[in-house]
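The values are calculated or read from the model by the stated rules, or taken from the named source; none is laboratory data. None of these values were measured; they are calculated from a predicted model. Heads up, the Cβs are rebuilt from the backbone with ideal geometry, glycines too, and the neighbour counts pull from every protein chain shown. Accessible surface areas use protein heavy atoms only, side chains included; no ligands, DNA or RNA. Shrake-Rupley method; radii C 1.70, N 1.55, O 1.52, S 1.80 Å.
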Amino acid sequence: MFLIPDAVVRFYHRMASPPHFYTFTEQCMPWLVGVFVILVSAGLVGGLYLAPADYQQGDSYRIIYIHVPSAWMSLFIYIVMAVAGAIGLVWRIKLAEVVLVSSAPIGAAFTFIALVTGSLWGKPMWGTWWVWDARLTSELVLLFLYLGVMGLYGAMDDKRVASKAVAILALVGVVNIPIIHYSVEWWSSLHQGPTVITKTGKPAMHSSMLIPLLLMALAFKVYYVIALMQRARTELLSRERNSQWVKNKIAMGAKL
Amino acid sequence: MSLSRAFFAIVRRDLVLALRRRSEIANPIFFFILVITLFPLGIGAKPTILQAIAPGIIWVSALLATMLSLDSLFRSDFDDGSLEQIILSPQPTSLLVLAKITAHWLVTGLPLLIVAPLLAVFLGMPSHALPVLLITLLLGTPILSLIGAIGVALTIGLRRGGMILSLLVLPLYVPVLIFASNAVEIASSGLPVTAQINILISMLVMALVLAPWPTAAALKMSMS
């Protein structure tokens, strides 16, 4: 612990307390929305207008600006869930549990978007909506893992116990993440190999296409933080509805 | 009590309990045979088609039979309170859980190995693929029991956990299904299958070492 500056430790401890988290997120929300709007408009203009058409795929490759960031997010959010689950199991931090259960529907949505856009892209490029190859199947399995987390959480009445159960499940499901990530390298797949982070270390994309893609990826990350905060705030309110700070908040809201 | 004695005590107890209720042993086998019978009836009895899909049919049926038998793994102990005693005992819960899974596999998984070759012959699988089918079942069904135990432990406290159990467990079964049925398929066409078998062995070793921990944690959570 002595390696971490005091201010950081204090920040973490403060963030772990629900009332502080609630007011803090209220304050940063406008900033986050602003950053998101800037990033997403820059990314969309760069991707849909400024970037040149692909020499093979024409304009239809532009779905990459939705497909790839959502696919990245689908993996990223699962890892966030697993880490939050581990933190929740070890240190019993309520907020980690809330982050875990609030992430699941967002992750499921991103996985679903990645699957749908991939299938829309596959039809003109591969001539088929769907193939049962490693990348697509493992992404579908990831969607089921998210749905399993949501289903298990919804099936249990005691939400503290449910969060523990979901945390164990999320940690077990992590084995699927490397399988998805390396599926295009391990198996010969119809899905193309990695183009942004290749083995040579250089992206196999021109920067005019790559920069909007990275902007969109950042925008999706910020969107995830916004959505997560919103969900976490409502989840906190419903979990802590009997505590004093929630009652104070409601009383303040009634006065306004 | 030493660890190995505790382990074998639980295995012995569960086997004795299972032998007193023989219908529970027979049910997964009948289910397995019935599901396999449904495929020729549904798809049509063309030998070429059946031969092509035989590895997949046998493996999917084995997977479903294992999953449906999972409920009996902790159910009676949960209902009569012996599960609490197991958790409270001085031996590590993960070890005792592993003992319960072992006994459960001996009762429900092992019998599948005995009927599977017969059904494979009925489906027209070439005889040189039978040893590979048996090896994949021998390696694969314990993995299914070990992974399934995590799911059962998570859902044991729920009144209607059956559907949610399949939603939790089936996605995690996918890798086993892929490698096992692929191995049998390749063996049917006479090619070497060492790579798939090695992957199955490594999955079994990993499941043996890693699965009892979350199962024990989930049981403790379900009992709280």
> Considering the zone a paramagnetic label at B:SER224 would reach in this model (a point 7 Å from Cα along the Cα-to-Cβ line), which residues of region A:84-108 have amide N under 17 Å from it?
Replying inline: A:84-101
>> Quick check: with the 1.4 Å probe, what order do A:LYS247, A:LYS159, B:LYS100 take by accessible area, largest first?
In response: A:LYS247, A:LYS159, B:LYS100
> At a 1.4 Å probe radius, carbon and sulfur cover how many percent of the accessible area of the protein assembly as shown?
Replying inline: 70
> What average count of beta carbons from other chains do you get within 10 Å of the Cβ of residues in B:161-170?
Replying inline: 4
> Based on the mean of other beta carbon atoms within 10 Å per residue, what is the order of B:136-143, B:216-223, most packed first?
Replying inline: B:136-143, B:216-223
>> For a Förster distance of 51 Å, can you work out the FRET efficiency between the beta-carbons of A:ASP133 and A:THR234, rounded to the nearest 0.05?
In response: 0.85
> So what's the net charge close to A:PRO52: Lys and Arg +1, Asp and Glu -1, counting the other residues with Cβ under 11 Å from its Cβ?
Replying inline: -1
>> Let me make sure I get this right: for region A:22-242, a, b and c are the square roots of the gyration tensor eigenvalues over alpha carbons, sorted descending. Under 1.5 in a/c it's rounded, otherwise prolate if a/b > b/c, else oblate. Which is it?
In response: oblate
>> At 222 nm, what value in deg cm²/dmol follows for the protein assembly as shown if DSSP H runs of at least 4 each add -39500 (n - 2.57) and the sum is divided by all its residues, to the nearest 500?
In response: -26500 deg cm²/dmol
> R0 = 51 Å: FRET efficiency of A:MET205 with B:ARG20, Cβ-based, nearest 0.05?
Replying inline: 0.15
>> Angle check, please: helix A:6-15 long axis (alpha carbons) against the longest principal axis of chain A (alpha carbons), in degrees 0 to 90, nearest 10.
In response: 80
>> Which entries of A:LYS221/B:LYS220; A:LYS159/A:LYS247; A:LYS123/A:LYS164; B:LYS46/B:LYS100 have Cα-Cα distances beyond 31 Å here?
In response: A:LYS221/B:LYS220; A:LYS123/A:LYS164; B:LYS46/B:LYS100
>> Only sites in a loop by DSSP and with at most 14 other Cβ atoms within 10 Å count here; which chymotrypsin sites (Phe, Trp or Tyr not before Pro) in region A:3-84 make the cut?
In response: A:TYR55
> Between A:ALA251 and A:VAL225, 0.36 nm times their residue separation minus their Cα-Cα distance comes to what?
Replying inline: 6.6 nm
> Does anything in region B:147-183 have its amide N under 19 Å from the 7 Å Cα→Cβ label point of B:ILE53, and if so which residues?
Replying inline: B:177-183
> Among all helices in chain B defined by DSSP H, which have a length of 30 Å or more along the axis from Cα atoms plus a Kyte-Doolittle mean of at least 0.5?
Replying inline: B:22-43, B:47-69, B:130-155, B:162-188
>> I want to verify the translational diffusion coefficient of the protein assembly as shown in µm²/s; compute it with Stokes-Einstein, Rh as the Kirkwood radius over Cα pairs, at 20 °C and 1.002 mPa s.
In response: 85
>> Can you divide the C-alpha Rg of region B:1-76 by 2.2 N^0.38 Å and report the result to two decimal places?
In response: 1.54
>> Taking 30 Å as R0, compute the FRET efficiency from the Cβ-Cβ separation of B:ILE87 and B:LEU110 and round it to 0.05.
In response: 0.65
> Across the residues of B:145-158, average count of Cβ atoms on other protein chains within 10 Å?
Replying inline: 3
> Could you give the nm distance between label points at B:PHE30 and A:VAL9, where each point is 7 Å from its Cα heading toward the beta carbon?
Replying inline: 6.5
>> What do you get for the angle between helix A:134-155 and the principal long axis of chain A? Use alpha-carbon atoms, 0 to 90 degrees, nearest ten.
In response: 20
> Which value in Å does the Kirkwood hydrodynamic radius of chain B take, with 1/r averaged over all unlike C-alpha pairs and then inverted?
Replying inline: 18.1
> How many Å² of accessible area per residue for the protein assembly as shown, probe 1.4 Å?
Replying inline: 50
> How many nm separate the modelled label positions at B:ARG160 and B:ALA45, each set 7 Å beyond the Cα in the direction of the Cβ?
Replying inline: 3.9
> Over all residues in A:147-159, what is the mean tally of Cβ atoms on other chains that come within 10 Å of each residue's Cβ?
Replying inline: 4
> Using mean Cβ contacts within 10 Å as the protection proxy, how do B:114-121, A:160-167 order, highest first?
Replying inline: A:160-167, B:114-121
